[in-house]
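Notes for the one structure printed next.
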Amino acid sequence: NKQVIFKDYISGFPTDADMYITTSTISLKVPEGSKAVLVKNLYLSCDPYMRPRMTYTTDSYVDSFKPGSVIEGYGVAKVLDSGHPNFSKGDLVWGFTNWEEYSLITSTEMLIKIPTTDVPLSYYTGILGMPGLTAYAGFYEICTPKKGEYVYVSAASGAVGQLVGQFAKLLGCYVVGSAGSKEKVDLLKNKFGFDEAFNYKEETDLVACLKRYFPEGIDIYFDNVGGKMLDAVLLNMRVHGRIAACGMISQYNLDKLEGVCNLINIIIKQVRMQGFVITSYYHLYPKYLEMVLPHIKEGKIVYVEDTVEGLESAPQALIGLFSGRNVGKQVVVVARE
Ligand code: NDP
């Protein structure tokens, strides 16, 4: 059983030397009397929240990785054997698994049976999995959007951002996204239908840049990056604007978080800023599927993935998120069936 092991706690940017590949043996049968599920992992998801798990903390909504242990993460898998009444051999599932070929999953609360396979299976790491639900709950529940509003999305070409932009367009909003390369800016405008997009790395004055794209101000900011961008947005918000604090990837590799200077605008502009963790919104998953599956089938929502092959490629793929190497949702293919 090939595995990706987390070496030890880190500070700063992760490197592929912080993980290593090893091989162990695993029985392909669930132990007698156990309620565990034995799965073959097919697709693994690289997600930014995995970086904070590489630093020791007791102060987060998710535990730190254990040095010397296999990396945990979201994935799509096939059930090979099950002691649990809700799962049987042959079922396809998505949820929490491990970065290895085969996993014995003892906590099955975060395992969801895959309802339909007439879309690519890997979508359950992205649009039909945790990032998709994040975009849905974050946009519709946290941002309370209305038709015609001015919406700004950062890290807009990624797993979550590309969907937020498309949801906002479907509702009839004016949508601008930012991303870190020309290729990504082109995707935003030409594939995902954003009204405008810009490369934030080429902008020296973010406040002025946002004023250019939003002369009348921003109603909704879907924040994936935090830091300087959030500070610039605060100066550009409209009265009664909303900010969904989804992620702050610009801060995940810093030992000391950057200060945000313009918070007073939350009072001046009567802005509502709300953080959220997607695990509190899983009850919305059936409703989300009902909305998104027809849109996917009719081609009204598209989804771009960045796929690498093999467990050996997983460490590089994960660290690539922090330099923006991924174009779309970062997926690792372990096996196709
Ligand atoms: P992405 O697929 O968007 O990948 C991360 C992207 O972030 C990179 O491609 C890069 O794109 C951008 N990025 C990296 N470093 C920086 C930086 N210093 N400043 C600005 N942008 C940077 O990731 P996801 O869509 O999966 O996640 C997006 C955000 O949502 C993350 O912050 C994540 O933690 C958060 N999240 C929160 C959840 C919740 O429950 N609250 C659940 C899921 C995700 P670029 O080239 O544009 O720089």
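Across segment 56-80, which residue is farthest from N253 (Cα to Cα) among those that are buried (at least 17 other Cβ atoms within 10 Å of the Cβ) and charged (D, E, K, R)?
K78
Check whether at least one residue in segment 289-296 is under 15 Å from L163 (Cα atoms), at pLDDT 95 or above, of a type outside the set (A, V, I, L, M) and more than 10 Å from the ligand (Cβ to nearest atom), and report yes or no.
yes
For segment 129-146, name all the residues that are part of a helix (DSSP H, G or I) and not charged (D, E, K, R). Break it down stepwise before answering.
We begin by selecting, within segment 129-146, every residue part of a helix (DSSP H, G or I); these are 130-142.
Matches in segment 129-146: M130, P131, G132, L133, T134, A135, Y136, A137, G138, F139, Y140, I142.
Kindly list, by first and then second residue, each pair from a residue in segment 268-288 that is over 27 Å from I218 (Cα atoms) to a residue that is surrounded by 13 or more Cβ atoms within 10 Å (Cβ to Cβ) and among the β-branched types (V, I, T), limited to pairs with Cβ atoms under 8 Å and residues at least 6 apart or on different chains.
If the second residue must be surrounded by 13 or more Cβ atoms within 10 Å (Cβ to Cβ) and among the β-branched types (V, I, T), the pairs left are Y285/I112.
Which of the helices (runs of 4 or more DSSP H) contained wholly in segment 188-269 include at least 2 residues that are in contact with a Ser or Thr (Cβ under 6 Å, 6 or more places away or on another chain) and within 16 Å of the ligand (Cβ to nearest atom)?
Per the criteria, 227-234.
May I ask you to say which residue of E183, E109, E141 is within 20 Å of M248 (Cβ to Cβ) and surrounded by fewer than 18 Cβ atoms within 10 Å (Cβ to Cβ)?
Sole residue among the options that is within 20 Å of M248 (Cβ to Cβ) and surrounded by fewer than 18 Cβ atoms within 10 Å (Cβ to Cβ): E141.
Of the residues that make up segment 213-220, is at least one buried (at least 16 other Cβ atoms within 10 Å of the Cβ), at pLDDT 95 or above and in contact with a Leu (Cβ under 6 Å, 6 or more places away or on another chain)?
No, the conditions are met nowhere in segment 213-220.
Can you pull out every residue in segment 81-98 that is surrounded by 16 or more Cβ atoms within 10 Å (Cβ to Cβ) and either out of contact with any Ser or Thr (no Cβ under 6 Å at 6 or more places or on another chain) or over 14 Å from L38 (Cα atoms) (or both)?
D81, F87, D91, L92, V93, W94, G95, F96, N98, listed by residue number.
What single numbered condition from (1) surrounded by fewer than 19 Cβ atoms within 10 Å (Cβ to Cβ); (2) touching a residue at least 40 places away in the same chain (Cβ under 8 Å); (3) more than 19 Å from V4 (Cβ to Cβ) fails to hold for E101?
(3)
Go through V30, V4 for me and flag whichever is aliphatic (A, V, I, L, M), surrounded by 12 or more Cβ atoms within 10 Å (Cβ to Cβ) and over 23 Å from the mean Cα position of the chain (by Cα). Can you show your working first?
Details: V4 fails: over 23 Å from the mean Cα position of the chain (by Cα).
Every option except V30 fails the conditions.
Filter segment 175-187 down to the residues that are assigned to a strand (DSSP E or B) and closer than 17 Å to F322 by Cβ, then identify the one that is nearest to the ligand (Cβ to nearest atom).
A179
Whether any residue in segment 34-55 is among the small types (G, A, S), surrounded by fewer than 21 Cβ atoms within 10 Å (Cβ to Cβ), touching a residue at least 40 places away in the same chain (Cβ under 8 Å) and more than 16 Å from the ligand (Cβ to nearest atom) is what I want to check.
Within segment 34-55, the subset among the small types (G, A, S) is 34, 36, 45.
Subset that is surrounded by fewer than 21 Cβ atoms within 10 Å (Cβ to Cβ): 34, 36.
Pick out the ones that are also touching a residue at least 40 places away in the same chain (Cβ under 8 Å) and you get 34, 36.
Those left that are additionally more than 16 Å from the ligand (Cβ to nearest atom): 34, 36.
The answer is yes; a qualifying residue exists.
Quick one: count up the residues across segment 309-337 that are crowded, with 17+ Cβ neighbours inside 10 Å, part of a loop (DSSP other than H, G, I, E, B) and more than 10 Å from the ligand (Cβ to nearest atom).
Residues meeting the conditions: 1.
Which condition number in (1) assigned to a strand (DSSP E or B); (2) crowded, with 16+ Cβ neighbours inside 10 Å is the one that L293 fails?
Every listed condition holds for L293 apart from (1).
Quick check on segment 75-85. Is at least one of its residues of a type in the set (G, A, S), without any contact (Cβ under 8 Å) to a residue 24 or more places away in the chain and in contact with a helix residue (DSSP H, G or I) (Cβ under 9 Å, 6 or more places away or on another chain)?
Applying the first criterion (of a type in the set (G, A, S)) to segment 75-85 yields 75, 77, 82-83.
Okay, now just the ones that are also without any contact (Cβ under 8 Å) to a residue 24 or more places away in the chain, so none.
Taking every residue of segment 75-85 in turn, none turns out to be of a type in the set (G, A, S), without any contact (Cβ under 8 Å) to a residue 24 or more places away in the chain and in contact with a helix residue (DSSP H, G or I) (Cβ under 9 Å, 6 or more places away or on another chain).
The values are calculated or read from the model by the stated rules, or taken from the named source; none is laboratory data. The shown structure was predicted, so the numbers you read here are calculated from the model rather than taken from an experiment. When we count neighbours, we look across all protein chains shown, and the Cβ atoms used for this are built from the backbone with ideal geometry, even at glycine.
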